[in-house]
Amino acid sequence: MQHVTIETATAGDFEPFVDQPFKLLADDGHAMLLTLEGVQRHRQYNQQFREPFSLFFVGPVAPILPQRTYELTNDAVGTLEIFIVPIASGTAGTKYQAVFN
């Protein structure tokens, strides 16, 4: 598979990788694994560059990462810098969302 670029990424590029791990490189240099939990397509408005979509990742309960851009790597997808936001936390882990417009 050809690696995805942030500029041209689509929901379809990520859908085959639901339930697969993505390695996140934290500020302190340590790696953390996030699992791609789901891909949600959003209704398209007007003539946008691409169909809007969200990616949902789940990671460890702690630490909860602050919202910002992180480097995420998956062997098939490649390495992308993705802005993620923590949206929920519980005993099963912390859930993060990345929105693509």
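Bear in mind these aren't lab numbers, they're just calculated from the coordinates by the rules spelled out. Every value quoted in this text rests on a predicted model; they were computed, and no experiment measured them. For neighbour counting, all protein chains shown are included, and Cβ atoms are generated from backbone atoms with ideal geometry for every residue, glycine included.
Can you compute the modelled spin-label distance between Glu71 and Phe49, with each label point 7 Å from Cα toward Cβ, in nm?
2.2 nm
Report the calculated FRET efficiency for Val99 and Val61 (r = Cβ-Cβ distance, R0 = 30 Å), to the nearest 0.05. Intermediate values should be presented prior to the final figure.
Values: r = 23 Å, r/R0 = 0.77.
The pair Val99/Val61 has a calculated efficiency of 0.80.
Skipping prolines and chain starts, which residues have an amide H placed within reach, meaning under 5 Å, of the one on Ser89, given they are 5 or more residues away or on another chain?
Lys95
If I histogram all Cα-Cα distances within the range 1-92 using bins 5 Å wide from 0, what percent of pairs lands in each bin?
It works out to 3, 12, 24, 26, 19, 11, 5, 1, 0, in whole percents.
Putting +1 on Lys and Arg Cβ atoms and -1 on Asp and Glu Cβ atoms, find which of Thr35, Pro16, Ala98 reaches farthest to the positive end of the dipole of the chain.
The residue sitting farthest along the positive end of the dipole is Ala98.
List, in order, the whole-Hz ³J(HN,Hα) value for each residue of the range 76-88 obtained from phi through the Karplus relation with A = 6.51, B = -1.76, C = 1.60 and θ = phi - 60°; use x for Gly and Pro.
With coefficients 6.51, -1.76 and 1.60, one gets 7, 7, x, 10, 10, 9, 10, 7, 10, 10, x, 10, 6 Hz.
Only four residue types carry charge here, +1 at the Cβ of Lys and Arg and -1 at the Cβ of Asp and Glu. Report the dipole size of the chain about the Cα centre in Debye, rounded to the nearest 20.
So the magnitude is around 320 debye.
Quick check: residue separation of Phe83 and Lys23 times 0.36 nm, minus the Cα distance between them. What number comes out in nm? Mind showing how you got there, number by number?
Values: separation 60, 0.36 × 60 = 21.60 nm, distance 1.43 nm.
Gain on extension, Phe83 to Lys23, equals 20.2 nm.
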